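To start, the structure itself, in structure tokens.
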């Protein structure tokens, strides 16, 4: 054995001992680089440069005062929150950043919240930033409102039948601005309407912006969301309602509408394209609002308000004439 050990090549030179384990120090390298960042967060990407240029030009860009995601709806900014509370929009909670600067608007917000018994949650400003978005100007305050509960079509008909007046509903075709929706809800409440109908697709929903514009009318006027507006109009027609489409090229002028005192569903199209072809085919009559030729069209919210006022005026006049006839007959 000794001779074998002394033989050339029998002993391995510079033999290394097995390396010790890393003790987990190399674990992070094995985990990869994580998910791919968004385009605007990757240095050198065109969207990232555009984002930086936008911040440089306007410092911190003012974002909308409403945010919606996964059913949660937020209103933020001191003026927006104060107006929302004054309009008695339903609120889940009030969120206030810690160590926020106090001013009169914030004092008014806290007083209104206390009067309504709203829960007030204090959060670090970083948490509020994450809730509202990195570019939102929340001014240290936000409101969380619950998702809107839409009515069923038969619920609108039941409410109209129990109102003691001919049913008056408003259906919206392609109205995508929530402020227009809120304004129309407010007009329906003002002129004796019984509900609003919107389709599931290509339409604004009852969001925080619609709540705010309705000035509290969304608490009183039910809104039904239907999967197919054309089918809903056919069902209303079968239930005895006349379907009146509001269109700039309508064949009847609004002041001469003879169906104003009948059960009605008024269909309002978008400002740009008006009524879609399929919806127009389901209308018993299309009505136009006489305007100056220099004006191409009216905003959907304004057009609905004008039409509802004309219908309400015609109904009031017809009711007065019926009362006079009844009195003279007695």
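Peptides 296-302, 173-179 ranked from most to least packed give 173-179, 296-302, packing being the mean of other C-beta atoms within 10 angstrom over each peptide's residues. Beta bridges per DSSP, both residues in region 66-145: antiparallel share near 75 percent.
If the chain between residue 36 and residue 220 were fully stretched, how many nm would it gain, using 0.36 nm times the residue separation less the Cα-Cα distance?
My answer for the length gained is 61.5 nm.
Taking other C-beta atoms within 10 Å as the exposure proxy, 259, 275, 181 rank 259, 275, 181 from fewest upward.
Between residue 273 and residue 239, the modelled labels are 2.7 nm apart [label points 7 Å from Cα along Cα→Cβ].
The stretch between residue 92 and residue 256, if pulled fully straight at 0.36 nm per residue, gains 54.4 nm over its current Cα-Cα span. Measuring r between the beta carbons of residue 103 and residue 179 and using R0 = 22 Å, the FRET efficiency lands at 0.25.
Ordering 265, 95 by the number of other Cβ atoms within 10 Å of each residue's own Cβ, fewest first, gives 95, 265. Between residue 313 and residue 249, the distance separating the two model label sites (each 7 Å from Cα on the Cα→Cβ line) works out to 2.8 nm. Taking label points 7 Å from Cα along the Cα-to-Cβ direction, residue 230 and residue 111 give a separation of 5.5 nm. Give the Debye-formula value of log10 I(q)/I(0) at each listed q (0.14 Å⁻¹), with one equal scatterer per alpha carbon of region 163-307, two decimals each. So the normalised log intensities are -0.59.
Once R0 is set to 51 Å, what does the formula 1/(1 + (r/R0)^6) return for the Cβ-Cβ distance between residue 293 and residue 163, expressed as a FRET efficiency to the nearest 0.05? Intermediate values should be presented prior to the final figure.
Working: r = 39 Å, r/R0 = 0.76.
Given R0 = 51 Å and the Cβ-Cβ separation, E is 0.85.
Could you give the alpha-carbon Rg of region 66-145 over 2.2 N^0.38 Å, rounded to two decimals? Against the compact-globule rule of thumb, the ratio is 0.98.
Read-outs: derived from the displayed coordinates by stated rules, not from any lab. Given the structure is predicted, the values throughout are model-derived calculations rather than measurements. For neighbour counting, all protein chains shown are included, and Cβ atoms are generated from backbone atoms with ideal geometry for every residue, glycine included.
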